[in-house]
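Shown next, in structure tokens, is the structure this report addresses.
No lab work stands behind these numbers, since they all come straight from the coordinates. These numbers come from a predicted model, not from an experiment. Here the Cβ is made from the backbone with ideal geometry for all residues, glycine too, and neighbour counts use every protein chain on show.
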Amino acid sequence: MTLVPLPAFADNYIWMLQDGSNAIVVDPGDAQPVFDALARDKLQLAAILVTHHHPDHTGGVAALHAATGAPVFGPARERIPEPFKPLSHGDSAEVLGLRFSVIDVPGHTAGHIAYFLPASAGRAPLLFCGDTLFSGGCGRLFEGTPAQMLASLDALAALPGDTRVCCAHEYTLANLRFARAVEPGNADLTQYSARCESLRAQGQPTLPSQLATERRINPFLRSREATVLRAVREHAELSADAAEADVFAALRQWKNDFR
């Protein structure tokens, strides 16, 4: 299976997995990039996976389903274009001999899910996490609570370190600018930032990231680390005994306000 990010809109990626004959796409907010890729590579669309209900992730679903008949999988607790197979934590989507495990990751939206594909012969694990986890960042809390998002990120951070993190947006450089403000002394972060800046200068995507890297550089996976705790407490004037969810909420608000 070949993993391909299809650019859409200003900064979205529609992820495609294809084997030379058939393809799976994730979060097709726009149908046209998918139609173009299917035609260019002479592929049949086998399935559509959706992580959450926002239009930039679902806008192309109806057209793709109507044109190809490909089944649609999506979160059980959100409104997804019908017909679709509703999925919740512990369920799986089986397509082309691949078994995607479903993880509930509320926070960005109330019913957001992620899809995890375990490692197989010669292939590292894959995580399609929508707008929950970004490289160097996390999604805004539109419908969920800080405690929910913290728990969701904990669940994703517990996956194998070699997991390829397939985020839905090219937000990496902006996220890393904020991360350096939080942890200016993080050498791993400095090195990763330089690598990502080089990739973008060449017109290349920074994604997929790797989960082991995110654990070292992403402040939203590091909100319990001493350096991040200290920075958030100083910035938000939190007490030393502030709850973990309150620290996370203050970190997310700092990012919201960051320029």
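Suppose we filter segment 190-213 for residues that are in a helix (DSSP H, G or I), among the hydrophobic types (A, V, I, L, M, F, W, C) and closer than 21 Å to L3 by Cα; how many remain?
Going through segment 190-213, the residues in a helix (DSSP H, G or I) turn out to be 190-201, 211-213.
Checking which are among the hydrophobic types (A, V, I, L, M, F, W, C) leaves us with 194, 196, 199, 201, 211-212.
Narrowing further to those that are closer than 21 Å to L3 by Cα: 196, 199, 211-212.
Of the residues in segment 190-213, 4 are in a helix (DSSP H, G or I), among the hydrophobic types (A, V, I, L, M, F, W, C) and closer than 21 Å to L3 by Cα.
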**Q.** Residues of segment 157-189 satisfying the condition of being in a helix (DSSP H, G or I), buried (at least 22 other Cβ atoms within 10 Å of the Cβ) and among the hydrophobic types (A, V, I, L, M, F, W, C)
**A.** L176, A179, V182, L189
Q: Scan segment 1-35 for residues that are without any contact (Cβ under 8 Å) to a residue 24 or more places away in the chain and surrounded by fewer than 22 Cβ atoms within 10 Å (Cβ to Cβ) and jot them down.
A: T2, A10, G20, S21
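Whether any residue in segment 35-45 is in contact with a strand residue (DSSP E or B) (Cβ under 7 Å, 6 or more places away or on another chain), closer than 25 Å to T132 by Cα and either outside any loop (DSSP other than H, G, I, E, B) or β-branched (V, I, T) (or both) is what I want to check.
Initially, segment 35-45 is screened for residues in contact with a strand residue (DSSP E or B) (Cβ under 7 Å, 6 or more places away or on another chain), giving 37-38, 41, 43-45.
With closer than 25 Å to T132 by Cα added as a condition, the list becomes none.
Looking for residues that are in contact with a strand residue (DSSP E or B) (Cβ under 7 Å, 6 or more places away or on another chain), closer than 25 Å to T132 by Cα and either outside any loop (DSSP other than H, G, I, E, B) or β-branched (V, I, T) (or both), one finds none in segment 35-45, hence no.
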Q: Show the residue pairs that are 6+ apart or on different chains and have beta-carbon atoms under 7 Å apart, the first residue being within segment 163-191 and in contact (Cβ under 8 Å) with a residue 12 or more places away in the chain, the second being basic (K, R).
A: L173/R200; F178/K255; D188/R216; L189/R180
Q) Any residue in segment 224-244 that is among the hydrophobic types (A, V, I, L, M, F, W, C), farther than 28 Å from L126 by Cα and touching a residue at least 24 places away in the same chain (Cβ under 8 Å)? A) yes
Q.
Within segment 115-140, take every residue that is aliphatic (A, V, I, L, M) and more than 15 Å from Y13 (Cβ to Cβ) and give me the one that is surrounded by the most Cβ atoms within 10 Å (Cβ to Cβ).
A. L117
